[in-house]
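Novice: Have a look at this one before I ask anything.
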Amino acid sequence: DMKVTQMPRYLIKRMGENVLLECGQDMSHETMYWYRQDPGLGLQLIYISYDVDSNSEGDIPKGYRVSRKKREHFSLILDSAKTNQTSVYFCASSLGQGKSAETLYFGSGTRLTVL
Amino acid sequence: GQQVKQSSPSLTVQEGGISILNCDYENDMFDYFAWYKKYPDNSPTLLISVRSNVDKREDGRLTVFLNKSGKHFSLHITASQPEDTAVYLCAAGSKLSFGKGAKLTVSP
């Protein structure tokens, strides 16, 4: 059963705290993504990873960093979270190298609230 | 700026009617176009996609029309059902830029 798993589903943090969002996939997909979704703004790409230690900024990378040490895991890190980073974060993966578009498989999302 | 735009944030259609969702894009190098469906508190899932070498693709009740010269593509859903009620996200390009989404409501 192909799956993208995100942990946790819900998270509340205080401004200035560090945040770690985890994502795993069991499909051996090369490419993984982090998006955030805000009301009225759709899905915005934060970072894309083409493979282990091969990461590239998306459209809104400021305030975020990522880590991919194993092909099946992709982490999103917020160092010193800000209230405007309150959002729903989606991880996704795709089979190939991400250079030509393919089907994205999304995780169920993490709803992050920064107080 | 937004590379992919969905100008109508919502649409209501009677059951059995045709739902038409529209999307405009800015980059004429885009060669891949997709529609994703999202239920509340769920993740987006791919509905249908098309590459730029065709103008139209059908899959059951779904048809994607691509107008490359107008930088526009649309999703037509025939015989709309209440279970089609969801948010529809268009996406385009190799890195998949998404539109803001459009909420479709199909009323019985």
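Novice: Could you list all residues from the range A:15-58 that are surrounded by fewer than 16 Cβ atoms within 10 Å (Cβ to Cβ) and in a loop (DSSP other than H, G, I, E, B)?
Specialist: A:Met15, A:Gly16, A:Glu17, A:Asn18, A:Asp26, A:Met27, A:Ser28, A:Pro39, A:Gly40, A:Leu41, A:Val52, A:Asp53
Novice: Go through the residues of the range B:51-72 one by one and say whether even a single one is under 30 Å from A:Arg9 (Cβ atoms), under 15 Å from the mean Cα position of the chain (by Cα), of a type in the set (D, E, K, R) and surrounded by 13 or more Cβ atoms within 10 Å (Cβ to Cβ).
Specialist: No - not one qualifying residue is present in the range B:51-72.
Novice: Select from the range A:103-114 the residues that are of a type outside the set (Ser, Thr, Tyr) and within 14 Å of chain B (Cβ to nearest Cβ) and write down the one among them that is surrounded by the most Cβ atoms within 10 Å (Cβ to Cβ).
Specialist: Looking at residues that are of a type outside the set (Ser, Thr, Tyr) and within 14 Å of chain B (Cβ to nearest Cβ), I get A:Leu104.
Novice: Restricting to the range B:24-76, name every residue that is of a type in the set (Asp, Glu), closer than 22 Å to B:Gln2 by Cβ and not in a loop (DSSP other than H, G, I, E, B).
Specialist: Listed by number, the list holds a single entry, B:Asp24.
Novice: Still on this structure, I have one more. Would you tally the residues in the range A:66-102 being exposed (fewer than 14 other Cβ atoms within 10 Å of the Cβ), modelled with pLDDT of 95 or more and among the charged types (D, E, K, R)?
Specialist: The total comes to 3.
Novice: Another question, if that's okay. Restricting attention to the range A:8-42, which residues are within 26 Å of B:Val87 (Cβ to Cβ) and of a type in the set (Gly, Ala, Ser)?
Specialist: Correct list: A:Gly24, A:Gly40, A:Gly42.
Novice: Only one of (1) without any contact (Cβ under 8 Å) to a residue 60 or more places away in the chain; (2) surrounded by 20 or more Cβ atoms within 10 Å (Cβ to Cβ); (3) within 14 Å of chain A (Cβ to nearest Cβ) fails for B:Ser97. Which number is that?
Specialist: Failing condition for B:Ser97: (1).
Novice: For the range B:1-23, give me each residue that is in contact with a helix residue (DSSP H, G or I) (Cβ under 8 Å, 6 or more places away or on another chain) and outside any strand (DSSP E or B).
Specialist: Within the range B:1-23, B:Glu15 is the sole residue that qualifies.
Novice: Could you count how many residues in the range B:6-25 are within 13 Å of chain A (Cβ to nearest Cβ) and either free of Cβ contacts under 8 Å to residues at least 60 places away in the same chain or buried (at least 19 other Cβ atoms within 10 Å of the Cβ) (or both)?
Specialist: Total meeting the criteria: 4.
Novice: Looking at A:Ser108, A:Ser67, which is the one that is touching a strand residue (DSSP E or B) at 6+ places or on another chain (Cβ under 9 Å), on the phi < 0 side of the Ramachandran plot and in a strand (DSSP E or B)? Full working, then the answer.
Specialist: Values: A:Ser108 fails: in a strand (DSSP E or B).
Of A:Ser108, A:Ser67, the one residue that is touching a strand residue (DSSP E or B) at 6+ places or on another chain (Cβ under 9 Å), on the phi < 0 side of the Ramachandran plot and in a strand (DSSP E or B) is A:Ser67.
Novice: With A:Ser28, A:Ser49 as the choices, which residue is away from every other protein chain (no Cβ under 14 Å), touching a residue at least 24 places away in the same chain (Cβ under 8 Å) and among the hydroxyl-bearing types (Ser, Thr, Tyr)?
Specialist: Working: A:Ser49 fails: away from every other protein chain (no Cβ under 14 Å).
A:Ser28 is the lone residue from the list that is away from every other protein chain (no Cβ under 14 Å), touching a residue at least 24 places away in the same chain (Cβ under 8 Å) and among the hydroxyl-bearing types (Ser, Thr, Tyr).
Novice: Somewhere in the range A:81-102, is a residue touching a His at 6+ places or on another chain (Cβ under 7 Å), assigned to a strand (DSSP E or B) and within 14 Å of chain B (Cβ to nearest Cβ)?
Specialist: Looking through the range A:81-102, at least one residue is touching a His at 6+ places or on another chain (Cβ under 7 Å), assigned to a strand (DSSP E or B) and within 14 Å of chain B (Cβ to nearest Cβ).
Novice: Please determine whether any residue of the range A:93-101 is within 15 Å of the chain's Cα centre (by Cα) and farther than 20 Å from B:Ser97 by Cα.
Specialist: no
Novice: Turning to a different aspect of this structure: Contact list please: Cβ distance under 6 Å, first residue in the range B:62-84 and closer than 17 Å to B:Gly101 by Cβ, second residue assigned to a loop (DSSP other than H, G, I, E, B) and charged (D, E, K, R), pairs at least six apart or on different chains.
Specialist: The qualifying pairs are B:Ile77/B:Arg61.
The values are calculated or read from the model by the stated rules, or taken from the named source; none is laboratory data. Here the structure is a predicted model, which means the values were calculated and not measured. Cβ atoms come from the backbone with ideal geometry, glycine included; neighbour counts cover every protein chain shown.
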